[in-house]
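The values are calculated or read from the model by the stated rules, or taken from the named source; none is laboratory data. None of these values were measured; they are calculated from a predicted model. Because the Cβ atoms are built from the backbone with ideal geometry, glycine has one as well, and the counts that use them run over all protein chains shown.
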Amino acid sequence: MRFFSSLFLVCATPLLVLPGPVLAERPALPPCAPARIDAQAPAVDLHELRGRVVLIDFWASWCAPCAHAFGFLNALQDEFGARGLTVVGISVDKDAADARRFLQRYPASFPTAIDSGGECPRAFGVKAMPSSYLVDREGRVVEVHRGFRNGDVTERRRAVMKLLDEARGGGR
């Protein structure tokens with residue numbers, strides 16, 4: 001419970017929600033197994049996505065910036081999915097019903113899952129809501145971004161495009 005309380009504090013305090021750095025060293029994708037939000041939702045296995053560029057977004061139903069981010073995440077998935085991008089949303093809600101209500105109000109065009117026990121947020125070192133992790137095709141975390149502000153959209157989109165181009169021989 002302490003983990004989720006501290007996330008709420010950061011989400012409720014906009015000055016503390018700052019974008020994270022592009023990582024100089026690309027750490028491996030940490031192991032975690034989010035659960036299905038409901039019986040109809042497909043299972044999400046992050047390690048099965050190796051070979052694709054993945055944007056993992058941690059969100060919660062009580063987080064206003066998370067709701068605003070969903071439009072941007074949907075647009076990224078729609079625009080770059082055919083080029084090899086998969087956006088994955090992982091809810092940290094304690095109750096799956098809260099996550100389902102959120103998704104009814106803010107539909108996702110990308111796979112979503114839930115981790116009410118906090119295993120995935122701990123493995124990734126999530127410190128704010130929302131937090132996004134850009135993962136290269138080899139399964140290494142390239143960039144961490146905390147919070148969501150409309151002013152960050154251009155740079156975040158550019159980072160995704162760069163990583164997609166990198167995989168096509170655009171260089172590293």
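For the reader, a short list of remarks on this structure follows.
- Taking each residue of region 32-51 that is under 9 Å from I114 (Cα atoms) and looking for partners that are of a type in the set (S, T, N, Q) with beta-carbon atoms closer than 7 Å, six or more apart or interchain, yields I37/S91; I37/T112.
- Flag for R50 being among the basic types (K, R), under 16 Å from the mean Cα position of the chain (by Cα), surrounded by fewer than 20 Cβ atoms within 10 Å (Cβ to Cβ) and at pLDDT 60 or above: yes
- Taking the numbered list (1) modelled with pLDDT of 90 or more; (2) buried (at least 18 other Cβ atoms within 10 Å of the Cβ) in turn, C32 passes all entries but (1).
- A41 assigned to a loop (DSSP other than H, G, I, E, B) and either aliphatic (A, V, I, L, M) or surrounded by 21 or more Cβ atoms within 10 Å (Cβ to Cβ) (or both): yes
- Helices (runs of 4 or more DSSP H) completely within region 61-172 that count 3 or more residues being of a type in the set (K, R): 96-105, 153-165
- Qualifying positions in region 91-127 - surrounded by 16 or more Cβ atoms within 10 Å (Cβ to Cβ) and of a type in the set (S, T, Y): S91, Y106, T112, S116
- For region 128-146, the criterion of being without any contact (Cβ under 8 Å) to a residue 60 or more places away in the chain and surrounded by fewer than 20 Cβ atoms within 10 Å (Cβ to Cβ) is met by none of the residues.
- All told, R26 meets the bar of being closer than 30 Å to D165 by Cβ, surrounded by 12 or more Cβ atoms within 10 Å (Cβ to Cβ), at pLDDT below 85 and not hydroxyl-bearing (S, T, Y).
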